[in-house]
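Take a look at the structure set out below.
The values are calculated or read from the model by the stated rules, or taken from the named source; none is laboratory data. All of these numbers come straight from a predicted model, not from anything done at the bench. Methodologically, a virtual Cβ is constructed for each residue, glycine included, from the backbone with ideal geometry; neighbour enumeration extends over all protein chains shown.
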């Protein structure tokens with residue numbers, strides 16, 4: 001399975017903002033972007049103004065990196081978003097938010113999307129009581145996402161979650177940390193996405 005092996009702090013520096021790829025470390029002084037907030041490479045400090053295409057490309061790459069999606073898969077999401085009713089850019093972000101790995105992260109069961117993806121692949125997560133090990137699985141309204149019983153009782157990470165509160169949960173999800181399970185109450189809206197994303201640039205890029 002293809003995956004991005006580029007150093008995570010380098011990805012944040014390339015996009016010129018924190019993508020929170022390392023979870024809690026991104027909130028500390030050890031954050032690579034905080035220590036060196038310039039693009040990687042010998043021309044990182046260049047003040048050259050990017051072209052219109054360059055801005056569109058960077059926005060697309062930024063969103064791909066935030067959600068950990070490869071190029072071909074991202075194109076498939078865009079094609080589906082284009083066919084769906086509504087605004088294409090918002091449809092695209094809604095699909096990315098509904099990914100199982102992102103939902104696990106948003107519920108606070110993982111410190112980062114990368115860790116959430118690993119939990120899903122290793123079979124620690126269930127959907128409606130059945131194990132689902134596909135990170136790209138699109139969750140639906142009413143579905144219950146939970147940590148598998150053995151994982152909840154056997155892994156220190158999940159034990160700690162039971163003892164203390166997790167991160168702030170987005171409005172479209174409901175979470176019970178004692179049971180380590182949550183429900184998708186509604187579909188995510190554009191206002192629920194807290195990252196600085198200009199989805200119209202991505203639509204313009206693919207409309208060329």
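Tabulated data for the structure shown
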quantity: Sole exception among (1) loosely packed, with under 14 Cβ neighbours inside 10 Å; (2) part of a loop (DSSP other than H, G, I, E, B) for residue 69, by number; calculated: (1)
quantity: Number of positions in region 125-160 that are surrounded by fewer than 15 Cβ atoms within 10 Å (Cβ to Cβ) and either part of a loop (DSSP other than H, G, I, E, B) or on the phi > 0 side of the Ramachandran plot (or both); calculated: 7
quantity: Output for region 94-124, where each listed residue is without any contact (Cβ under 8 Å) to a residue 24 or more places away in the chain, more than 21 Å from residue 178 (Cα to Cα) and assigned to a helix (DSSP H, G or I); calculated: 118, 121
quantity: Residues of region 162-207 satisfying the condition of being in contact with a strand residue (DSSP E or B) (Cβ under 8 Å, 6 or more places away or on another chain) and outside any strand (DSSP E or B); calculated: 166, 169, 172, 179, 180, 185
quantity: Flag if residue 168 is at pLDDT 90 or above and out of contact with any helix residue (DSSP H, G or I) (no Cβ under 7 Å at 6 or more places or on another chain); calculated: no
quantity: Set 132, 120: member being within 23 Å of residue 77 (Cβ to Cβ), modelled with pLDDT of 95 or more and in contact with a strand residue (DSSP E or B) (Cβ under 8 Å, 6 or more places away or on another chain); calculated: 132
quantity: Test result for residue 141, in the same structural domain as residue 180 (by TED's automatic domain parsing) and more than 29 Å from residue 154 (Cβ to Cβ); calculated: yes
quantity: Selection from region 100-116 of residues that are in contact with a strand residue (DSSP E or B) (Cβ under 8 Å, 6 or more places away or on another chain) and either more than 14 Å from residue 66 (Cα to Cα) or surrounded by fewer than 23 Cβ atoms within 10 Å (Cβ to Cβ) (or both); calculated: 100, 104, 107, 108, 109
quantity: Tally, over region 186-208, of residues that are within 13 Å of residue 98 (Cβ to Cβ) and either more than 15 Å from the chain's Cα centre (by Cα) or surrounded by fewer than 16 Cβ atoms within 10 Å (Cβ to Cβ) (or both); calculated: 3
quantity: Residue list for region 167-185, restricted to those being surrounded by 16 or more Cβ atoms within 10 Å (Cβ to Cβ) and under 18 Å from residue 139 (Cβ atoms); calculated: 170, 172, 173, 175, 180, 181, 182, 183, 184
